[in-house]
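So the structure is just underneath, and the comments pick up after that.
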Amino acid sequence: MRQLFSGNEAIARGAWEAGVKTAFGYPGTPSTEILENFARNPDVYAEWSPNEKVALEAAVGAALAGARSFVTMKHVGLNVAADPLMTLSYIGVRAGLVIVVADDPGQHSSQTEQDTRHYARLAKVPIVEPGNAGECREYMLRAFELSEKYRCPVILRSTTCVSHSRFLTDTAERQEHPFPPFTPNPSQYVPLPLWGRKLRVKVEERLDAQTADNAADPAWHREFTRQPDLGIISSGVTALHCLDVFPEATILKLGWSWPFPDNLLRAFAAKVKRLVVIEEGDPILEEHVRSLGLQADGKNVVPRTGELTPARLTAVKAALDGQDAALPAPLPAAADLPTRPPILCAGCPHRGVFYALTQFDVVVTGDIGCYSLGVFPPLSRTDVILCMGGGFTMAHGMTKAGEKRPVVGIVGDSTFFHSGITGLLDIAYNRGASVIIVVDNRTTAMTGHQDHPGTGCTLQGQETTAASIEAIARACGMTRIKVVNPYDIAETTRVLKEELFVQEPSLIISRAPCVLKEKKAIGKPHAIDQQKCKNCRACLKLGCPAIEAADKRTKPAINQQLCTGCSLCAQVCRFGAISS
């Protein structure tokens, strides 16, 4: 039977057909839907783990116990999981373990554009790269076979395009793969130096065997033979784009892209007159091809950054031919339409906190989530963002460095459980003086409203213990803990004023649910009385998309279809012109 799947749906389907029993992950676009789809199967266990490191470590335990397992994350999540990955390469697995990582070329929804193939090479584990949903399913099935053959984890690298594009895909029935119970074997699973040195040698031996097998296995790679004047080596969806953009070229599409299939690369190069390596991201494959003594074009004509769309590949083709790219003319801009910068939703509870912060001269260290949008005008209340959990720890570092202004560190509730707790512990233990805020909207909002340890519900819909941010903070040693309703601007501002100037760490929890997850209005829609309005435009400083004004001479008005009745605008209006 064939079905139309997105890449993420096909990865989930392939895992189920492969007999996977346990799956773990942390939500992050473009990978989120994989675990959500897999969890719908009744005969499996799936969870949102607190972070990617925890997810991988749990999956390792499951694989050692004999259950085929997989982990999902986006590319920056692998940074968090890198610690166990490096050692896992040494100790290996019993049942198959696949680490699904979704890269984001072009940074559609990510703070960085990085290439997961570096991690495969660093950890010395295989990486496979599907180009469409059909290959996503197929490669998941084969990745588990690869993992069990070599008793090591395998990385499946997707990208935003592969994850979200659709393809008509074959399906099959689920196949179970039982394993005997775990048997202790310290010399294999306990990498103390005595045994770890021997395991290190085995990793190299495994790599040699994989390199030979990769080159000899035609099922992983596809060669499209055309004219011999130009030969292209590529992988993933980029290789499929090349089929259309370079209709005369002979193309080698790599499926198992590391360790490199050296003999296959040499044989392909011998068939063509000119060789070019076209890869998204860093010149990893190109550098290796050249290390084999093969002459090849690559990043001298292929962009290092961004997604390699067909339009950009057309420019690459022109560069190879020594011509200017004849790209399609861009669509004319609609001069009468307003710009649409990223902005917090109408009724977002984070807006009250950021507006209150505009009343003070403070430095704000932000974090990864919806509240990242607090950086944009008119709120403009975030000064630096680094990584998940960094909102707390950067604030601590700034105060210890002697920053004269109060420093406020912000993380979300899901981020708090992901990697904020250790930062909170650091601040309490090392006698910090920053004000740290958890903007708790009761969900992992930016990635699509996934549950986390604080929501009281698991990925598979079971009720569970809801972790308390306040209790964890007290256990870490925090004594100043305040909870505010961010829809009450006066109270939020009062608490900030009280906490910003104490010489000890303070935790403020801004708690109100995400309006999109609740799917109901907070109150009655508001309106602006045009007779009372003085056009002071204070309400516009909230940055609420429901409040509109055509130009500076036009008094603001509230779009009734967008208004959620949060009343923030009524609170900032000094003339009583706004009411429900």
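The values are calculated or read from the model by the stated rules, or taken from the named source; none is laboratory data. Computed from a predicted structure; not experimentally measured. In this analysis, Cβ positions are derived from the backbone assuming ideal geometry, glycine residues included, and neighbour counts consider all displayed protein chains.
Computed quantities for the displayed model
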item	result
Residue match in segment 346-356 (condition: in a loop (DSSP other than H, G, I, E, B), modelled with pLDDT of 95 or more and more than 29 Å from the chain's Cα centre (by Cα))	no
Residues satisfying the stated conditions in segment 13-34, i.e. of a type in the set (Gly, Ala, Ser) and closer than 19 Å to Glu148 by Cα	Gly14, Ala15, Ala18, Gly19, Ala23
Single residue of segment 477-519 satisfying the filter (in contact with a Pro (Cβ under 7 Å, 6 or more places away or on another chain) and not in a loop (DSSP other than H, G, I, E, B)) that is surrounded by the most Cβ atoms within 10 Å (Cβ to Cβ)	Ser510
Residue match in segment 171-178 (condition: farther than 16 Å from Pro261 by Cα and either in contact with a His (Cβ under 8 Å, 6 or more places away or on another chain) or part of a helix (DSSP H, G or I) (or both))	no
Failed criterion for Ala95 (all others in (1) out of contact with any Phe, Trp or Tyr (no Cβ under 6 Å at 6 or more places or on another chain); (2) in contact (Cβ under 8 Å) with a residue 12 or more places away in the chain; (3) of a type outside the set (Lys, Arg) hold)	(1)
Restricting segment 252-278 to residues that are within 21 Å of Ala120 (Cβ to Cβ) and charged (D, E, K, R), the residue that is surrounded by the most Cβ atoms within 10 Å (Cβ to Cβ)	Lys253
Residue list for segment 1-51, filter: touching a Gly at 6+ places or on another chain (Cβ under 9 Å), in a loop (DSSP other than H, G, I, E, B) and closer than 17 Å to His75 by Cα	Tyr26, Pro27, Gly28, Thr29, Pro30, Ser31, Ser49, Asn51
Unmet criterion (only one of (1) within 27 Å of the chain's Cα centre (by Cα); (2) over 30 Å from Asn37 (Cβ atoms); (3) free of Cβ contacts under 8 Å to residues at least 12 places away in the same chain) for Thr464	(2)
Tally, over segment 247-261, of residues that are touching a helix residue (DSSP H, G or I) at 6+ places or on another chain (Cβ under 6 Å) and farther than 19 Å from Thr116 by Cβ	2
Residue count, segment 262-279 (criterion: in a strand (DSSP E or B) and in contact with a helix residue (DSSP H, G or I) (Cβ under 7 Å, 6 or more places away or on another chain))	3
Meets criteria (outside any loop (DSSP other than H, G, I, E, B) and surrounded by fewer than 21 Cβ atoms within 10 Å (Cβ to Cβ)) for Ser380	no
Residues that are of a type in the set (Lys, Arg) and not in a helix (DSSP H, G or I), drawn from segment 52-75	Arg68, Lys74
Identity of the residue in segment 555-580, among the β-branched types (Val, Ile, Thr) and within 39 Å of the chain's Cα centre (by Cα), that ends up surrounded by the most Cβ atoms within 10 Å (Cβ to Cβ)	Thr564
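For every residue, the table says whether it meets (1) touching a helix residue (DSSP H, G or I) at 6+ places or on another chain (Cβ under 7 Å); (2) closer than 30 Å to Lys299 by Cα; (3) without any contact (Cβ under 8 Å) to a residue 40 or more places away in the chain; (4) not small (Gly, Ala, Ser).
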| position | (1), (2), (3), (4) |
| --- | --- |
| Ala172 | yes, no, no, no |
| His177 | no, no, no, yes |
| Val201 | no, no, yes, yes |
| Ser234 | yes, yes, no, no |
